[in-house]
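Visitor: Mind looking over this structure? Questions follow.
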Amino acid sequence: MDEVVLRAMRRWPNVSAVYGWLRLDQRGEWLIKESDGGFERATHPAIGAFFGRNYLADERGRWYVQNGPQRVFVTLEYTPLVYRLDDRAAGFVAHTGAVAGALRGLYLDDHNHLLLETELGIGVINDRDLPGVLERLAPPPGADLDTALLAVANGEAIEASLCGQRLRIAPIRRADVPRRFGFDPQPAPPAGEPDCA
């Protein structure tokens, strides 16, 4: 977290949180609410970098950006993290810029999205990177990739390797992802908690 944010939190410790103002789409892009109620992409690199450095989850699995003394809770289009291949296409980074680290599992959901579980947590793989990811995904010995993925789509878990790391590919229902991985995709204020939106 940025030092300027930490200082603001110490100076103003009881600022009400904001809900419904910031979204994260399935490609890892931030969307900010406009005065007309619509959402616009945050395209300035410095804004995205600030959000990424100050993006955290609370004890209820609600993800937020700590904006100075104020928590701005994020509505998630899907998962709290979005992964892409790193610049060398040898590993993964999150939409925040954080290195994913060790891979723990790969999931194929019922909408044909690939989700990656890493040291950072669960995240959907950015669809723009899918061709490169599939090139680096090695199915079990004796199987071709299409047959292996079809088996997963039909409910079978298989062993494979991705970017040189062994992992299990398992099926998952999109609707089950938030509960399974403990996050709230649509944070709302608990009863009695003010909302500064």
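Laboratory data are not the source of any read-out in this text; all were calculated from the coordinates shown. Bear in mind that the values here come from a model prediction, so they are computed numbers and not experimental data.
Visitor: Give the long-range amide H neighbours of residue 82: residues separated by 5 or more places, or on another chain, with amide H under 5 Å away, using H modelled in the peptide plane at 1.01 Å from N.
Guide: So residue 82 has HN proximity to 95, 96.
Visitor: State, as an integer percentage, the relative contact order of the chain based on alpha-carbon contacts under 8 Å between residues 6 or more apart.
Guide: Values: 384 pairs, mean separation 45.0, N = 197.
Relative CO of the chain lands at 23 percent.
Visitor: Work out from phi, with θ = phi - 60° and the Karplus expression 6.51 cos²θ - 1.76 cosθ + 1.60, the ³J(HN,Hα) of each residue of the range 156-171, listed in order in whole Hz, and give x for Gly and Pro.
Guide: Each residue's phi maps through the Karplus curve to give 9, 8, 9, 9, 8, 9, 9, 6, x, 9, 6, 7, 9, 9, 10, x Hz.
Visitor: Taking the chain as a Gaussian network, where each spring joins two C-alpha atoms under 10 Å apart, which residue of 158, 172, 122 fluctuates the most?
Guide: Top of the fluctuation ranking is 158.
Visitor: Please list, in chain and number order, the residues 5+ apart from residue 161 or on another chain whose amide H is under 5 Å from its amide H, with Hs placed from the backbone.
Guide: 138, 167
Visitor: Let me know the shape class of the range 81-180, please: from the alpha-carbon gyration tensor, a ≥ b ≥ c as square roots of the eigenvalues, rounded when a/c is under 1.5, otherwise prolate if a/b is greater than b/c, or oblate.
Guide: oblate
Visitor: Then there's this: Can you list the residues, at least 5 places off or on another chain, whose amide H is less than 5 Å from the amide H of residue 42, using H built in the peptide plane?
Guide: Amide H neighbours of residue 42: 30, 31, 32.
Visitor: To continue, here is another question. Over all directions, average the projected area of the Cα convex hull of the chain and note it in nm².
Guide: Values: hull surface 48.9 nm².
Spelled out: convex hull of the Cα atoms, projected over all directions, averaged, 12.2 nm².
Visitor: Can you show me the helix-derived [θ] at 222 nm for the chain, built from DSSP H runs with n ≥ 4 at -39,500 (n - 2.57) apiece and divided by the number of residues, rounded to the nearest 500.
Guide: Numbers: 5 runs with 39 residues, N = 197.
So the helix-based figure for the chain works out to -5000 deg cm²/dmol.
Visitor: Sticking with this structure for a sec: Convert each backbone phi in the range 85-91 into a coupling constant with the Karplus relation 6.51 cos²θ - 1.76 cosθ + 1.60 (shift: θ = phi - 60°), then list the ³J(HN,Hα) values in order as whole Hz, x for Gly and Pro.
Guide: My calculation for the range 85-91 gives 5, 6, 4, 8, 6, 10, x Hz in order.
Visitor: Something else about it: Give me Rg over Rh for the range 130-189, both radii from the alpha carbons and Rh done the Kirkwood way, two decimal places.
Guide: 1.10
Visitor: Can you give the Rg to Rh ratio of the range 70-122, both from alpha-carbon atoms, with Rh computed by the Kirkwood formula? Could the numbers behind the result be given before it?
Guide: Numbers: Rg = 12.1 Å, Rh = 12.1 Å.
Reported Rg/Rh, Kirkwood definition of Rh: 1.00.
Visitor: I would also like to ask the following. Residue by residue through the range 132-137, what is 3J(HN,Hα) from phi via Karplus (6.51 cos²θ - 1.76 cosθ + 1.60, θ = phi - 60°)? Round to whole Hz and write x for glycine and proline.
Guide: In residue order, the calculated couplings are x, 5, 5, 5, 9, 8 Hz.
Visitor: What residue among 82, 15, 93 shows peak mean-square fluctuation when the chain is described by a Gaussian network model with Cα springs under 10 Å?
Guide: Answer for the Gaussian network model of the chain: 15.
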